[in-house]
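Shown next, in structure tokens, is the structure this report addresses.
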Amino acid sequence: MMENVIEFFKNLPPKTCITCGKEIEEQHECYSNKCDECNII
Ligand SMILES: [Zn+2]
């Protein structure tokens, strides 16, 4: 059953920054839709 969950997340499209469109890497406790650079602003 766990494998199905893993496959589900692997098939998710990469999260992208809503400001610059850059792909956002998995971040801990980060619920923002912006990348690091855009988050600074
Ligand atoms: Zn950005």
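Bear in mind that the values in this text are calculations on the coordinates, not laboratory data. Owing to the predicted nature of the structure, the values given are computational and were not obtained by experimental measurement. Cβ placement follows ideal geometry from the backbone for every residue including glycine, while neighbour counts extend to all protein chains displayed.
Annotations for the structure displayed:
- Residues whose amide H comes within less than 5 Å of that of Lys34, counting only those at least five positions distant or on another chain, are Ile18 (H built at 1.01 Å from N in the peptide plane).
- Among residues other than Cys17 with Cβ under 13 Å from its Cβ, the summed charge is -1 (Lys and Arg +1, Asp and Glu -1).
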